[in-house]
Amino acid sequence: MPNSNLGLDFLARTLRTIGIVLLIFLPFGVYYFGTYTALAVFSGGVWGIVNLIFLSAVVRSAIRPEGIDTARLVVALLVKFPLLYLAGYALLKVPQFSPLNLLIGFSICLAVLALKALGRALLGLDKGPNKSDNLGEAVR
Amino acid sequence: MDYQAMLSLALPFGVSLAACGSGYGLGRAVGSAMEAIGRQPEAAGKIQTAMIIGAALIEALTIYALVVFFILQGKIGG
């Protein structure tokens, strides 16, 4: 079962989960907290997703057994460090967006990532096929 | 020393401390990941994923410090 271990597809599934959480939050946030608050949290979350995508691109192209994929690394670094951080700065300077709300959105990404990784560790989902009779296998 | 002066000194000091800490942490994480991949290349995918999770969390701490800097920067009067 290739989707079951902490492989590279784990991040893709985590990013999808974060996107779903943010999309679910958006209408409720608009209703309960107001449009700008919800949009700020959503923007912070989207920024976090894009940051995570480029962080994984940097790691995958720089730290791998085949050697550095220079072209991909340069593109990922150029997009992540100047452009993405400038976008983050621009979001912080939007007068309607509170920095705290942006931070909450960004933290949602990290919370989902940490909880998914922690859940896998606690349920023992990465122990391999010889542990197939444990609780983790049952809830897989 | 008044509040404004303390804030003006503490803010850049705090951000630079956070940057130093996360730089050191990331350096150690990358070094260990390289070593682990060199020792066990077939586990590269798992090591990369764990490395990305760790790097995201380390980077987040610096971003938190930076946002706190921007929040408190507005409180420094001219």
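Once whole DSSP H runs in chain A are found, which of them have Cα atoms spread over 15 Å or more along the helix axis and a mean Kyte-Doolittle score of at least 1.6? Spell out each step's value before the answer.
Details: long enough: A:9-33 (34 Å, 1.40); A:35-62 (40 Å, 1.39); A:99-123 (35 Å, 1.79).
Within chain A the helices that satisfy the rule are A:99-123.
Among A:L110, A:L91, A:L78, which one shows the biggest mean-square fluctuation in a GNM of chain A, springs joining Cα atoms closer than 10 Å?
In the Gaussian network model the winner is A:L78.
First compute the accessible area of chain A with a 1.4 Å probe, then give the percent of it belonging to carbon and sulfur atoms. List each step's numbers first, then the result.
Working: 5500 of 7760 Å².
Carbon with sulfur: 71 percent of the solvent-accessible area.
What percent do you get for the relative contact order of the range A:14-53 when only Cα pairs under 8 Å and 6+ apart count?
41 percent
Could you order B:D2, A:D69 so the one with the most accessible surface comes first? Probe is 1.4 Å. Let's see the in-between values first.
Values: B:D2 90, A:D69 50 Å².
Heavy-atom accessible area, descending, gives B:D2, A:D69.
Mind telling me which of B:G21, B:G38, B:G54 comes out most flexible in a GNM of chain B, alpha-carbon contacts under 10 Å?
Top of the fluctuation ranking is B:G38.
Could you work out how far helix B:3-39 tilts from the main Cα principal axis of chain B, as a 0 to 90 degree angle to the nearest 10?
Rounded to the nearest ten degrees, it is 0.
Specify the residue with the greatest mean-square fluctuation among A:G45, A:G67, A:G105, computed from a Gaussian network of chain A linking alpha-carbon atoms under 10 Å apart.
Top of the fluctuation ranking is A:G67.
Could you pull the Cα extents of the range B:16-77 along its three principal axes, largest to smallest, in whole Å?
Cα extents, longest axis first: 56, 17, 6 Å.
Would you be so kind as to list the residues of the range A:62-77 that have their accessible area lowered by at least 20 Å² in the full protein complex compared with their chain by itself (1.4 Å probe)?
Buried-area filter returns A:I63, A:P65.
Which shape class, rounded, prolate or oblate, goes with the range A:6-62 when its Cα gyration tensor gives a ≥ b ≥ c as root eigenvalues, a/c under 1.5 marks rounded, and past that a/b bigger than b/c marks prolate?
It comes out oblate by the Cα gyration axes.
What is the ratio of the Cα radius of gyration of chain A to 2.2 N^0.38 Å, with N the residue count, to two decimals?
Details: Rg = 17.8 Å, N = 140, 2.2 N^0.38 = 14.4 Å.
Relative to the 2.2 N^0.38 Å estimate, chain A comes out at 1.24.
The values are calculated or read from the model by the stated rules, or taken from the named source; none is laboratory data. Computed from a predicted structure; not experimentally measured. These accessible areas exclude ligands, DNA and RNA; they are computed on the full protein's heavy atoms, side chains included. Shrake-Rupley method; radii C 1.70, N 1.55, O 1.52, S 1.80 Å.
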